[in-house]
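Notes for the one structure printed next.
The values are calculated or read from the model by the stated rules, or taken from the named source; none is laboratory data. Being a predicted model, the structure only gives us computed values, none of them experimental. All Cβ positions, even for glycine, are placed from backbone atoms using ideal geometry, and neighbour counts span all protein chains on display.
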C-alpha cells in the first residue's frame with residue numbers, strides 16, 4: 001500500500017509498504033498508537049515515543065508527535081489501502097510541514 005512517511009531528520013516521502021501492523025511497528029520502532037485524522041486517514045506513531053525520549057517530529061503541523069509517523073488510508077471495512085494523489089495533497093496541506 002502507498003503511505004505517507006515522516007521521520008525526524010529525513011525528507012517526508014510517499015512509499016510502498018505492506019499493509020500489516022507488524023511492518024508498521026518495525027518502521028515506527030515500537031507499539032502502535034493510532035490517531036484518526038478524518039477522511040479515512042489514520043496517523044500511526046510509536047505509542048512510547050515520549051517515554052523513550054524520541055526526537056520531536058518537526059514535520060507534523062497539528063501538535064507534537066515524537067519519532068517517525070506514518071499516515072495511511074483505511075477503507076470502510078477497516079483494511080489499509082493506498083493513498084490517492086488527492087489524499088497526499090490533503091495530507092501535505094493539512095498535517096505536514098515540508
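Assorted remarks:
- Only one of the numbered conditions (1) in contact with a strand residue (DSSP E or B) (Cβ under 7 Å, 6 or more places away or on another chain); (2) surrounded by fewer than 16 Cβ atoms within 10 Å (Cβ to Cβ); (3) part of a loop (DSSP other than H, G, I, E, B); (4) at pLDDT 95 or above is not met by residue 11, and that is (1).
- Of the residues contained in the stretch 69-79, none is found to be in a loop (DSSP other than H, G, I, E, B), surrounded by 12 or more Cβ atoms within 10 Å (Cβ to Cβ) and in contact with a strand residue (DSSP E or B) (Cβ under 7 Å, 6 or more places away or on another chain).
- Residue selected from the stretch 14-63 under the condition touching a helix residue (DSSP H, G or I) at 6+ places or on another chain (Cβ under 9 Å), farther than 20 Å from residue 80 by Cβ and surrounded by fewer than 18 Cβ atoms within 10 Å (Cβ to Cβ), by the criterion modelled with the highest pLDDT: 61
- Pairs where the first residue, in the stretch 51-67, is without any contact (Cβ under 8 Å) to a residue 24 or more places away in the chain and the second is surrounded by fewer than 12 Cβ atoms within 10 Å (Cβ to Cβ), C-beta under 9 Å, 6+ apart: 66/53
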